[in-house]
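Encoded as structure tokens, the structure appears first; notes follow it.
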Amino acid sequence: MKLLKSIFIIACIYSISYAENNVTVCENGICKDNISPKDTNSSSFEKEFGDTNKTSTYDPFEKYNRAVTNFNDKLYIHVMDPIARGYSKLIPEGGRIAVGNFINNLYFPVRFTNNLLQFKIKNAAKETGRFIVNSTLGIGGFFDIAKRDFNWEESDEDFGQTLGFYGIGAGPHIVWPILGPSNLRDTLGMIGDSYVNALSNTKECSIKYKIPQTRLQEAGIYGYKQINRTSLHLGEYESLKKDAIDLYPFIRDAYSQRRTQQIKE
Amino acid sequence: MKIKNIIRLIVLISLLGIPAFAFKQSEIESGMKKKIDKVLVILKKKEANAKKGEEIIAIMDPVFDYSLMSKITLGSKTWSSITQNQQNEFMKLFIKKLKQSYVDKLDLYHNQIVIYKGVKPYQNGRLQLQTELSGKGETYKINYNFYNNNGNWLIYDVVLDGVSIVQTYRQQFAGILKEKTFNQLLSQLKEKR
């Protein structure tokens, strides 16, 4: 009896203390604490997500872009995907990852230059460290030892992001055949990067370390890189596509959101 | 006396453990971690995707504010201009689409690991739980945006590698509504599965 009484008293004290602080309100079995104010003001969400009209209006090349998006879509489904699937059956996953690492390691000059141009000195140093470690301990870049053992993450920067860093706007959206979605700024970025990229051919302006000697070789390397990449991401594009109610604006907006985020980082 | 004290303690502890479905601010990371761990266990099961999807959605459902997500994707202007019936119809179709697209993506899971980067302040006092899905030499950033609904922190958006799901739908719907009526949008949502 005494025990029951004390339990009852404790329970009472407890419930009173809860009521006094007004910390927790229970309703239909769901409890909420009332410390912070409610945040259901829809206009503040409107602000967070921005004006829906702004991004979709300025698209002077829409007609062309739609056509190229369709072309790229067919190219992916009927050419790229089957080739990558076949390739993935020939070469085990570990091998394809290693090839991906090897190619990625060769992009060091692009990442290094652009980190430097954005005054990201620490990241530029880390990229240099990654290149040295992976080229040596990682046997020519096939293994990402720098990430695995030193926890040095890659800082992926390109010239499009550098231009964005200096406040240059995206400009109109442009979809390139084969290369995919881009915009005016990122297209200029691609051209800029090709001068330092070891895997592109810039003819007489070429730095000594350039691997492809002709445009054809460059295209071949690019094609192989894409096949290898696709083989590691089979089914992703098809799955992503299901989120699209209308494919072209879907890819356009996803692209522009991702680039904005990359520039911010 | 001693036993009584122990009982007292037990009662106290049991009173403290108030069940809650959504998270308090301090529980966002630990709560999501528990949920995601459960999801990973389900993902590794050998079951049909549809069944896995159902189980996962049942785990995640309580922390998503689907009605707010529907409202934001449509935009408050459009939302307030349509009838209640249309709102409900839209919500039903949109949520179905969201869940379906989630289930479709289960195939893409190949034993990647989830890394928790912590809860960071986001816009307007909202919070973002940052996670990374790591595997196959590549890392994807998956961020969950939470807002405070009366001390109940709920998800209103998921951001994959910088791409907001809500924003992507929002832009698409805005684009469609420029040329078509709301009912046409609804039927387009119905068709496309």
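The values are calculated or read from the model by the stated rules, or taken from the named source; none is laboratory data. Nothing here was measured: the structure is a model prediction, and the numbers come from that model. All Cβ positions, even for glycine, are placed from backbone atoms using ideal geometry, and neighbour counts span all protein chains on display. Calculation scope for accessible area: heavy atoms of the full protein, side chains included, ligands and nucleic acids excluded. Shrake-Rupley method; radii C 1.70, N 1.55, O 1.52, S 1.80 Å.
Restricting attention to the stretch A:116-143, the residues that are under 23 Å from A:Y222 (Cβ atoms) and under 19 Å from the mean Cα position of the chain (by Cα) add up to 1.
Taken together, A:E204, A:E238, A:E218 contain a single residue that is within 14 Å of another protein chain (Cβ to nearest Cβ) and either at positive phi or not in a loop (DSSP other than H, G, I, E, B) (or both), which is A:E238. Of all the listed residues (A:R185, A:R252), the sole one being within 29 Å of A:P60 (Cα to Cα), touching a Leu at 6+ places or on another chain (Cβ under 7 Å) and surrounded by 15 or more Cβ atoms within 10 Å (Cβ to Cβ) is A:R185.
Screening the stretch B:49-109 for helices (runs of 4 or more DSSP H) wholly inside it with 1 or more residues that are more than 10 Å from chain A (Cβ to nearest Cβ) and farther than 21 Å from B:N145 by Cα returns the ranges B:49-60, B:76-81, B:84-104.
Applying the set (1) more than 14 Å from every other protein chain (Cβ to nearest Cβ); (2) open to solvent by 60 Å² or more (accessible area, probe 1.4 Å); (3) under 14 Å from A:G180 (Cα atoms); (4) charged (D, E, K, R) to A:D73 leaves exactly one unmet item: (2). Quick check: anything in the stretch A:230-247 among the β-branched types (V, I, T) and open to solvent by less than 60 Å² (accessible area, probe 1.4 Å)? Checked against the condition, which is being among the β-branched types (V, I, T) and open to solvent by less than 60 Å² (accessible area, probe 1.4 Å), the stretch A:230-247 yields at least one hit.
Across the stretch B:174-184, the qualifying residues are those that are open to solvent by less than 50 Å² (accessible area, probe 1.4 Å) and at pLDDT below 90, and the one among them that is nearest to B:N85 (Cα to Cα) is B:L177.
Just one of (1) more than 24 Å from A:K242 (Cβ to Cβ); (2) within 13 Å of chain A (Cβ to nearest Cβ); (3) without any contact (Cβ under 8 Å) to a residue 40 or more places away in the chain fails for B:L127. It is (3). Would you call A:I174 open to solvent by less than 60 Å² (accessible area, probe 1.4 Å), within 30 Å of B:Q172 (Cα to Cα) and within 14 Å of chain B (Cβ to nearest Cβ)? No.
Consider the stretch A:155-168. How many of its residues are under 19 Å from the mean Cα position of the chain (by Cα) and surrounded by fewer than 20 Cβ atoms within 10 Å (Cβ to Cβ)? Qualifying residue count for the region: 3. Taking the stretch B:4-48 as the range and being modelled with pLDDT of 70 or more, within 14 Å of chain A (Cβ to nearest Cβ) and open to solvent by 90 Å² or more (accessible area, probe 1.4 Å) as the test, the residues that pass are B:Q25, B:S26. Scanning the stretch A:136-187 for residues that are of a type in the set (V, I, T), at positive phi and in contact (Cβ under 8 Å) with a residue 60 or more places away in the chain yields a single hit, A:I178. Can you name the condition, by its number, that B:D104 falls short on among (1) out of contact with any Lys or Arg (no Cβ under 7 Å at 6 or more places or on another chain); (2) modelled with pLDDT under 90; (3) open to solvent by 30 Å² or more (accessible area, probe 1.4 Å); (4) of a type in the set (D, E, K, R)? B:D104 satisfies all of (1) out of contact with any Lys or Arg (no Cβ under 7 Å at 6 or more places or on another chain); (2) modelled with pLDDT under 90; (3) open to solvent by 30 Å² or more (accessible area, probe 1.4 Å); (4) of a type in the set (D, E, K, R) except (1).
When residues in the stretch A:86-128 are screened for being open to solvent by less than 20 Å² (accessible area, probe 1.4 Å), more than 16 Å from A:A198 (Cβ to Cβ) and of a type in the set (S, T, N, Q), 2 of them pass. Consider the stretch B:155-193 and keep the residues that are more than 10 Å from chain A (Cβ to nearest Cβ) and under 15 Å from the mean Cα position of the chain (by Cα). The one that is farthest from B:K71 (Cα to Cα) is B:V158. For the stretch A:245-265, the set of residues classified as over 15 Å from the mean Cα position of the chain (by Cα) and either more than 7 Å from chain B (Cβ to nearest Cβ) or charged (D, E, K, R) (or both) consists of A:D246, A:L247, A:Y248, listed by residue number. When the stretch B:120-129 is filtered for residues that are open to solvent by 50 Å² or more (accessible area, probe 1.4 Å) and not small (G, A, S), the ones remaining, listed by number, are B:K120, B:P121, B:Y122, B:Q123, B:N124. If you take the residues in the stretch B:138-152 that are open to solvent by 10 Å² or more (accessible area, probe 1.4 Å) and within 11 Å of the chain's Cα centre (by Cα), which one is nearest to the other protein chains (Cβ to nearest Cβ)? Filtering first and then ranking leaves B:N143.
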